[in-house]
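Only one structure is covered here, and it is reproduced in the block below.
Derivation of every value follows stated rules applied to the coordinates shown; laboratory data play no part. Note that the structure is predicted; figures quoted are calculated from it, not measured. In this analysis, Cβ positions are derived from the backbone assuming ideal geometry, glycine residues included, and neighbour counts consider all displayed protein chains.
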Amino acid sequence: MRHDHIISAKQLSRGDIETVLDHAADIAADPGAFADRHSDTLLGLLFFEPSTRTKMSFTTAMKRLGGDIVDMGSVESSSVKKGESLADTVRVVEGYTDALVLRHPMEGSAKMASEFVDVPLVNAGDGAGQHPTQTLLDLYTIRENAGFDDLTIGIMGDLKYGRTVHSLAHALTTVDASQHFISPESLQLPRSVRYDLHEAGAGIREHTELDEILPELDVLYVTRIQAERFPDESEYREVAGQYQIDADTLAAAKDDLTVMHPLPRVDEIAHDVDETTHAQYFQQAHNGVPVRMALLDLMLGGDQ
Amino acid sequence: MSDKDQQLRVSKIQNGTVIDHIAGGQALNVLAILGIDGTSGDSVSVAMNMPSDRLGHKDVVKVEGRELSQDEVDVLSLIAPAATINIIRDYDVVEKGRVERPSVVEGVLECPNHNCITTENEPVDSRFAVGDDGVRCEYCDTIIRDDLPAHILAE
Ligand SMILES: [Zn+2]
């Protein structure tokens, strides 16, 4: 794998994806072997909007590789507040660190920032755009539980606004998965995303009800439907209620169905699912650490 | 009447560029996309909605004293794909050409996504990949399919 920056899951070939996931599996199997791998490395964290979980995951990954992090802190206390451009900020901070992680509320910010720096930069979310490490940890979880061969996956919930979903769908196309999208009509995949997936040769089908496809699924990826997408509370409750699952719902599923969710959840997966063997969403979140360790290690020259 | 006869209605230029066969009504957008707004003192003449055998109606733009490069004129393909370019020296046409679709246009269009980083005060030009049925922002992936002239950046 040779990428200076990780901006979008779309830039990754199937070979790249397998390389990262294989490396993540090696790390997960024996994390101690990698504990001093990057003891001189400093990772700069530039979070222009709060995302405590993602920041903790990157911090953990860098420290588990023996390195350390420097954190810009909150935007309120930084030069950004004084009107500094993003291009200037990253050019200053790259001088302090060996690699950068950027989270920013505007689309395209990570790509632009990467054009101004020489150290590797990882996009940790750019507005409604890309979040490639989320996609990679999703893929890792899918591969560990169901494998990519003959994979049939259902993605349910808010498919219109969810960047996690769009990015994952592209990556699943790269690994030739059969994809089913389950959502209310008002929250179906945007036309541009559907168009791109078709162009890329994706096998996709759309449904408004989970029942008709649930028994065929190897993986069910659930996302949250947000109240602000609806004109009023009662309509939201009615629609969202049709896309919630509990242990009873899953009685119709394959025994080895894997249920995933990017978290945090609200009530789209009932707590009684947690006790079933289907539930993998906490493990999915944990997988963010070995996957980010693998990515950082590869970007920092660990494969040499 | 042929196109050639119609051209005579606009005064001949001594040195410069004639952009002919612009789709009727697009002349001002052509000037905008080329960043010609009269402030540099260029002498510019515009003829709009001339009858044309090929296009029905066409616009013609003549820029005195300035020879446009192929890169400069190629962006016109987005709004005037049939345009022809004549470079004039001493009243003679010394070079004839057409516009070719570029693979990328930079600093010409404004991204319609207000949450795109290129719309902020950053030291970066907008950049769009040109596809078969539209252009796509290389930063945020937003696609513009229709009404490209409405997205031409104000200089
Ligand atoms: Zn854009």
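Worth a mention:
- Near A:A28: Cβ cut-off under 13 Å, other residues only, Lys/Arg at +1 and Asp/Glu at -1. The net charge is -2.
- Distances between every pair of Cα atoms in the stretch B:16-98, grouped in 10 Å steps from 0 to the bin holding the largest one, split as 19, 55, 25, 1 percent.
- Near-label residues of the stretch A:228-245 by backbone N, under 18 Å of a point 7 Å along Cα→Cβ of A:D211: A:238-245
- Loop-resident trypsin sites (Lys or Arg not before Pro) (DSSP state other than H, G, I, E or B) in the stretch B:66-98 with no more than 10 further Cβ atoms inside 10 Å of their Cβ are absent.
- Other residues lying with their Cβ under 11 Å from the Cβ of A:S186 contribute a combined charge of -1, Lys and Arg counting +1, Asp and Glu -1.
- Proximal aspartates and glutamates to A:K55, defined as alpha-carbon separation beneath 12 angstrom and excluding residues fewer than eight positions away on the same chain: A:D71
- Charge tally for A:V291 (other residues, Cβ to Cβ under 15 Å; Lys, Arg +1; Asp, Glu -1): -3.
- Set of the stretch A:121-154 residues, backbone N closer than 15 Å to the point 7 Å along the Cα-Cβ line of A:T277: A:145-146
- Nearest-0.05 FRET efficiency for A:A200 and A:T60, computed from C-beta distance (R0 25 Å): 0.15
- Residues whose placed amide H lies under 5 Å from that of A:I69, excluding near-sequence neighbours: A:L43
- Reach of A:K160 by Cα under 22 Å, taken over lysines that are not fewer than 8 positions away in the same chain: A:K10
- Each principal axis of the Cα cloud of the protein assembly as shown was evaluated for its coordinate range; sorted largest first, these ranges are 84, 54, 41 Å.
- Per-q log10 I(q)/I(0), the stretch B:86-155, q = 0.17 Å⁻¹ (Debye; single scatterer per alpha-carbon; no solvent): -0.65
- Top of A:H131, A:H180, A:H271 by mean-square fluctuation, Gaussian network on chain A, Cα under 10 Å: A:H271
- Exposed GluC sites (Glu not before Pro) absent: longest stretch of chain A, with sites in DSSP loops and at most 16 other Cβ within 10 Å deemed exposed: A:116-208
- Computed [θ] at 222 nm, deg cm²/dmol, chain A (DSSP H ≥ 4; -39,500 (n - 2.57); rounded to nearest 500): -10500 deg cm²/dmol
- Hz values of 3J(HN,Hα) by residue in the stretch A:71-76 - Karplus curve (6.51, -1.76, 1.60), Gly and Pro given as x: 10, 4, x, 6, 4, 4
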